[in-house]
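Notes follow the structure.
Just so it is clear, none of the values below were taken in a lab; they were calculated from the coordinates. None of the values given here were measured: they were computed from a predicted structure. Here Cβ is always computed from backbone atoms with ideal geometry, including for glycine, and neighbour counts include all displayed protein chains.
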Amino acid sequence: MPLDLLGTKQKRKSMNKLLLGILLLVSICMTSCLDLAPNLFNPTQIDEYLYDEYADSEDQLPAEYDLLAGELTEFTVESELDGFTNTIYGAYLGDINTISEDTVILYCHGNSGTMDWYFQRTKLLYNTKAKSHYGVLLFDYQGYGRSEGSPSEAALVADANAMVNWLANQGLTGDRLYVYGFSLGSIPAIELNVNPKNLTPARLLLEAPIGSIDAMAEDGSGLSIPASFFADLGTNNIELIKSVEQPLYWIHGIADDFLAMNTHGQPIFDNHSGVFKFSEKVPDGNHGDTPFILGLEPYLESLETFLLRKI
Amino acid sequence: MIRIYFLVFCLMAVFSFSCSTNRFVEPLDKGELEIGGNGGGPLLNFGGSSIPLPLSSVYAGYGYSDDLTLYGGLHITSLAFKTLQLEAGARKKLVVGHSIYPSVSGALAVNGIVSLRDGATRVFPEIALNPYWRYGRWKTYTGLQAWFDFYKFSTQNYGYGGFFVPAISVGQTVDLADWEIGIEYKRLAFNVPSENSVVDYIVPSGIGAHGIYLNASRSFGYKAKTKIDE
């Protein structure tokens, strides 16, 4: 750009100032290490767990699903990741003294809320097949509820492994461990099945799972942009599920307006090549309400169909 | 009720989604240099409020001739999140308007995006056609714009993805001495379902998104002033 075209000295000065400002802005941006990965998580901290007394739950169950005295145990375990140890909270539905004989469902919850929010759902699982039939372990990831630390993809898996270790210490064996992952919880749930650290789970259950961060980006933009354009996140359950050999149960709302069934759950289900898989697509089911839209009894029957099938 | 608030997380998911104003709708005069910036993006629901995504970019253009402007841009918000997005294009005046008939200009551009994390790259060609009316210091314009995406979507086998992402727009600018400020509305991606997206776009039809953008630029050429005076 010839300078004589820029007019007066005053204009050149003005342009220099503007360019300097832009360069400064660009420099700041270049040196920034902003990352949206932490914003994947939506942790809620609380001081006390309320369980059935939690008022915000939209899905209170009928009294027939109530737990009996002594059937709920709150406990803590230590979760280790990258040399740091954090105390995380868990709640066991069932009798801890019979874990060495029982079949247990490890429930990996979603991104919103704490154990309180998911308590009604785990009561449903607890009463699948028969009253108080399965043991259910619910826990809060790092940064959620009363658990210490900060959430991350790696922390989700570390926390789930810490819970599996706790179950193993109570006498559980892998053939009696089932893992249920809802939404965000599909990340540790699938990882536990593919890369078990202690016990190898026998079955995998997924509700409205995340397909991949790439799929989320594509859904949000309408363009084929990869996840690495905006965050250091590596979740790709659509690929990881190919390594899952355990039987798979998948339930997804057809009307899910957050993690669309066609771009998240369906590819996961299709890519699973294990010994058996079962799908439940729920008309009008949205993200988070699918079991309740399906109906409590149909939901439990659906779970039973899968859980009781001989493999 | 588990509506998970990934909204901030998803800001970057719309980076490359027609996320700036139409560039140099009225081509610069020969030798004229203009530098500007814009901010805004698709409207979404954030904590119960309607806000445009705070995407931003800076750009510069040079009047190669009286009816051909060459320009380039750098997207600032994406850069802050380790993604380099550059655009380069050319804008040509196609029709000289008179009376109520608008002038028309067209643009060809390319948008290159590189992840500074892993080097992942995308290149999206872009075309635009813009009728505009100038009356004194004021300029009103409309536009039809399209991005082309030739890459394979990770979920392509499930009926998602397409190579054509269009937008229509309308904008208004006013010249203030050497400065031009403007506002632009865009109807984005009206062929792409957005209802089941992680981003809570405010669009009743469930298709695409509405976008609002603000723009400011400064001219550094001799003729910018005369254009206003005409």
Open item on the list: Per q in 0.07, 0.09, 0.13 Å⁻¹, report the Debye log10 I(q)/I(0) for the stretch A:39-307, using one uniform scatterer on each alpha carbon and no solvent.
Closed with: -0.22, -0.36, -0.80
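Just want to confirm a number: the relative contact order over chain A, from Cα pairs under 8 angstrom separated by 6+ residues, in percent. Before the final figure, lay out the partial values.
Details: 598 pairs, mean separation 44.9, N = 311.
Rounded, it is 14 percent for chain A.
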- [ ] Measure off 7 Å from each Cα along the Cα-to-Cβ vector at residue B:123 and residue B:174, then give the distance between these two points in nanometres to one decimal.
- [x] 4.2 nm
TODO: With unit charges on the beta carbon (Lys/Arg positive, Asp/Glu negative), name the residue among A:97, A:231, A:21 whose Cα is farthest towards the positive pole of the charge dipole of chain A.
DONE: A:21
- [ ] Calculate how large, on average over all directions, the projected area of the Cα convex hull of the stretch B:28-229 is; give the answer in nm² to one decimal.
- [x] 12.6 nm²
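Can you sort A:108, B:19 from fewest to most other Cβ atoms within 10 Å of each residue's own Cβ?
Working: A:108 30, B:19 26.
Lowest to highest Cβ neighbour count: B:19, A:108.
Could you list, in their original order, any pairs among B:30/B:93; A:277/A:310; A:123/A:281; A:129/A:310 whose Cα atoms are separated by more than 20 Å? Show your work: numbers first, answer last.
On the way: B:30/B:93 12 Å; A:277/A:310 12 Å; A:123/A:281 22 Å; A:129/A:310 15 Å.
As for pairs spanning more than 20 Å Cα to Cα, those are A:123/A:281.
Quick one: dipole size for chain A, taken about the Cα centre, charges +1 on Lys/Arg Cβ and -1 on Asp/Glu Cβ, in debye to the nearest 20. Kindly include the intermediate steps, with their values, before the conclusion.
On the way: 18 positive and 42 negative charges, 306 e Å.
Roughly 1460 debye for chain A.
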TODO: Output the antiparallel fraction of DSSP beta bridges having both residues in chain A, as a percent to the nearest 5.
DONE: 40 percent
- [ ] Report the residue, chosen from A:83, A:211, A:220, that carries the largest GNM mean-square fluctuation when chain A is represented by alpha-carbon nodes joined by springs under 10 Å.
- [x] A:83
- [ ] Return the distance in nm (one decimal) between the two label points of a simple spin-label model at residue B:202 and residue B:148, each offset 7 Å from Cα along Cα→Cβ.
- [x] 3.5 nm
Open item on the list: Which three extents, in angstrom, do the Cα atoms of the protein assembly as shown have along their principal axes, listed largest first?
Closed with: 89, 44, 40
- [ ] With no solvent and one equal point scatterer placed on each C-alpha of the stretch A:196-306, evaluate the Debye formula and give log10 I(q)/I(0) for q = 0.16, 0.18, 0.22, 0.23 Å⁻¹, two decimals.
- [x] -0.76, -0.93, -1.19, -1.24
Task: Contour minus Cα-Cα distance for residue A:276 and residue A:131 (0.36 nm per residue) - done: 49.6 nm
TODO: Take residue A:68, project a point 7 Å from its Cα along the Cβ direction, then tell me which residues of the stretch A:88-123 have their backbone nitrogen under 18 Å from it.
DONE: A:92-103, A:123
TODO: Return the calculated 222 nm mean residue ellipticity for chain A, to the nearest 500 deg cm²/dmol, obtained by summing -39500 (n - 2.57) across DSSP H runs with n ≥ 4 and dividing by the residue count.
DONE: -9500 deg cm²/dmol
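What ranking do B:185, B:64, A:249 get, fewest neighbouring Cβ atoms within 10 angstrom at the top? List each step's numbers first, then the result.
Numbers: B:185 15, B:64 18, A:249 23.
Placing the least packed residue first, the sequence is B:185, B:64, A:249.
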Open item on the list: Pairs of alpha-carbon atoms within less than 8 angstrom and 6+ residues apart define the contacts here; what relative contact order does the stretch B:28-229 have, in percent?
Closed with: 20 percent
- [ ] Would you mind ranking B:140, A:235, B:69 by Cβ crowding within 10 Å, fewest neighbours first?
- [x] B:140, A:235, B:69
- [ ] Pick out which of A:185, A:265, A:21 has the largest mean-square fluctuation in a Gaussian network model of chain A, springs linking Cα atoms closer than 10 Å.
- [x] A:21
